[in-house]
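Read the structure below first, then the notes.
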Amino acid sequence: MITAEKLPENIQVNKKGRLKHFLTTEGLSRQLLTEILDTAENFAGVGERAVKKVPLLRGKTIANLFFEPSTRTRTTFELAAKRLSADVLNINIESSATKKGESLQDTLQTLESMHCDMFVVRHANSGAAHFIASMVSPGIRVINAGDGRHAHPTQAMLDAFTIRRHRGRFSGLKIAIVGDIMHSRVARSEIHAFNTLGVKELRVIAPKTLIPAYMQALGVKVFHDLEAGLRGVDAVIMLRLQNERMQGTLLPSADEFFKMYGLTEERLAHADPEVMVLHPGPINRGVEIDSEVADGPRSVILEQVSYGIAIRMAVMSMCMGSAE
Amino acid sequence: MTVIKNSETIEEMIAKMAMDLKIFLKERERKDIAIIGIHTGGVWIAERLHNLLKIKEPLGELNIAFYRDDFSRIGMHPSVEPSNLPFDVEGKHIILVDDILYTGRTIRAALNEIFDYGRPASVTLAVLVDRGEQELPFKADVVGTTMSLSAGEHVKLTGPKKLTLVTK
């Protein structure tokens, strides 16, 4: 008989298998990922009501700890927390005490003394959210809002949510992720999520220099030619070309990239006629995506933003509602 | 599980509730009516009342999971159907329907949620079973039947096609 002690430790779930921290999509069951999507479905309508709030997390305090700049993700986390009636602290660590030499542990302890119940963490180092989750007091919950090149699980889940809302299922779908796979935490979280949710075929499309060697081991089909990779796909997820992360040697120029991998209407015609185009934003028009596509009928980029709030509400309430 | 009311009896009870509601609303000259059922048993009864009373506004469904007062003790409930109020609540005379009135906490949660959609002109409470053990100051306006049960005994409505009341 397998006992709880013998199971591999998973910091993300409690003993009853309920979500406690949300750090990565890797290793979570299909059942749990589906529960996140179903819960988000319940929250999706809240933004359209007279009172855009539910009282679920009234009296809880959520601290957004952003060690790396972000407007979009931080804003949607803030809005999600406020729609759940929680109080929100936005702490821009770049410009705060850490600059004065305070250690991460001291910063966290200070916030714990203020009786924060949840930390939403964005950090440039891979594994930072796991590290923080392993360090905080037992009652505190941690959500990863992006750590280095490692994971960005809420982004992956909101993309999954967007696709499920349009197609109603994952089985039978072909999904392509295009762009800088190498530096993308979004891509990594998406691959784990879509594999678990049971898509038919997952593809990555990028130049050799932007695809890490282990991709095939994750059950992903690798393409270096955009048109070939787009053939028959039901959804295309474009990634932002991360200029700030890019080493000069990986690509000749942004123009060159657009010529080879930029998504245009003409290229999109190779995909399924009902194809959906997703992008985590912010978009670089004319670098990875043509304006005609970004603003066109196949684009669901703006829907993704509002679904992002529902997904974050779901994850926050599930984590906050789980006992030890 | 013991069946205490079969589907035939329950349909009769609902027909009687519809009659009582008609009189109740007429006496108060209430028009512009909408009906809302609380998931899941309340929706089954509300569907039937909606037909019997020939209400024009589409049926509203309420999932009060996000308004419960026991969230911090037991966490998220496994999600059922989302709330759906396909009409403007503002100024409407609402008939709120649930299967069992017990502590009254579900009704409190439901009222809070309804008011987040708008300000209704009135809310009338209709329940199939009134256990008479409210912990909050609520009283149903229209009742199918009253039932007093001993502590630890529970009554449950099963459905949705054939409605039966069972105790366990």
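For the range A:153-300, the relative contact order works out to 24 percent when only alpha carbon pairs closer than 8 Å and six or more residues apart are counted.
Strictly greater than 40 Å: what percent of every Cα pair in the protein assembly as shown meets that? Within the protein assembly as shown, distances greater than 40 Å cover 33 percent of Cα pairs. Subtracting the Cα-Cα distance of A:Ala213 and A:Glu227 from 0.36 nm times their residue separation leaves 2.9 nm of extension gain.
Here the Karplus relation 6.51 cos²θ - 1.76 cosθ + 1.60, evaluated at θ = phi - 60°, turns the backbone of the range B:155-168 into coupling constants of 10, 9, 9, 10, x, x, 6, 9, 8, 9, 9, 10, 10, 8 Hz, with x for every Gly and Pro.
Taking every alpha-carbon pair under 8 Å whose residues sit at least 6 apart, chain A reaches a relative contact order of 21 percent. Sparsely packed loop sites in the range A:217-324 (the trypsin sites (Lys or Arg not before Pro) outside DSSP H, G, I, E and B with at most 15 other Cβ atoms within 10 Å) comprise A:Arg231. When the Gaussian network model of chain A links Cα atoms closer than 10 Å, the mean-square fluctuations of A:Pro69, A:Pro252, A:Pro297 top out at A:Pro252. Its Cα gyration tensor gives the range A:228-324 an equivalent ellipsoid, and the semi-axes of that ellipsoid, as √(5λ) in whole Å with the largest first, are 29, 19, 12.
Counted over the protein assembly as shown, the DSSP beta bridges are approximately 15% antiparallel. Among the GluC sites (Glu not before Pro) in the range B:63-168, which ones are in a DSSP loop with at most 11 other Cβ atoms within 10 Å of the Cβ? Mind listing them? Sites meeting the loop and neighbour criteria: B:Glu90, B:Glu135, B:Glu153. These residues, A:His115, A:His192, go from largest to smallest accessible area, 1.4 Å probe, as A:His115, A:His192. Its Cα centre serving as origin, the range A:153-300 has a Cβ charge dipole (Lys and Arg +1, Asp and Glu -1) of approximately 620 debye.
Accessible area of A:Thr24 (1.4 Å probe, protein heavy atoms only, ligands and nucleic acids ignored): about 10 Å².
By DSSP, the beta bridges lying fully in the range B:1-140 are antiparallel in about 5 percent of cases. Seen against the Cα atoms of chain A and their longest principal axis, helix A:185-197 is set at about 90 degrees.
The magnitude of the dipole of chain A, with charges of +1 and -1 set on the Cβ of Lys/Arg and Asp/Glu and taken from the Cα centre, is near 780 debye. Lysine pair count for the range A:35-137 (Cα-Cα distance under 30 Å; residues 8 or more apart in sequence or on different chains): 7. How far is helix A:104-113 tilted off the main Cα axis of chain A, in degrees rounded to 10, range 0 to 90? The angle comes out at about 50 degrees.
Distance from the Cα centroid of the range A:169-222 to that of the range B:54-129 is 43 Å (rounded to whole angstrom). Three principal axis extents describe the C-alpha atoms of the range B:59-136; from largest down they are 35, 27, 18 Å. Which whole-angstrom value gives the distance between the alpha carbon centres of the range A:288-323 and the range A:12-91? Each part's Cα centre sits 12 Å from the other's.
Under the simplified labelling scheme, the B:Asp88-B:Lys22 pair shows an inter-label distance of 3.0 nm, with each label point 7 Å from Cα along Cα→Cβ. When chain B is treated as a Gaussian network with alpha carbon springs shorter than 10 Å, the biggest mean-square fluctuation among B:Leu25, B:Leu85, B:Leu125 belongs to B:Leu25.
In this calculation the C-beta distance from A:Lys259 to A:Ser306 is compared with R0 = 22 Å, giving a FRET efficiency of 0.10.
What figure, in Å² to the nearest 10, do you get for the accessible area of B:Arg108 with a 1.4 Å probe and non-protein molecules left out? So the heavy atoms of B:Arg108 present about 70 Å² to solvent. Under DSSP H, which helices of chain B have Cα atoms covering 24 Å or more of the helix axis and a Kyte-Doolittle average no less than 0.0? Helices passing the filter in chain B: B:7-27. Can you give the angle from 0 to 90° between the axis of helix A:72-83 and the longest principal axis of chain A, with both taken from C-alpha atoms, to the nearest 10? With rounding to tens, the tilt is 50 degrees. Rolling a 1.4 Å probe over the protein heavy atoms leaves A:His183 with an accessible area of roughly 10 Å².
The values are calculated or read from the model by the stated rules, or taken from the named source; none is laboratory data. What you are looking at is a predicted structure, and each value in this text was computed from that prediction instead of being measured. With ideal geometry, Cβ positions are generated from the backbone for all residues, glycine too; neighbour counts draw on all protein chains shown. Accessible surface areas use protein heavy atoms only, side chains included; no ligands, DNA or RNA. Shrake-Rupley method; radii C 1.70, N 1.55, O 1.52, S 1.80 Å.
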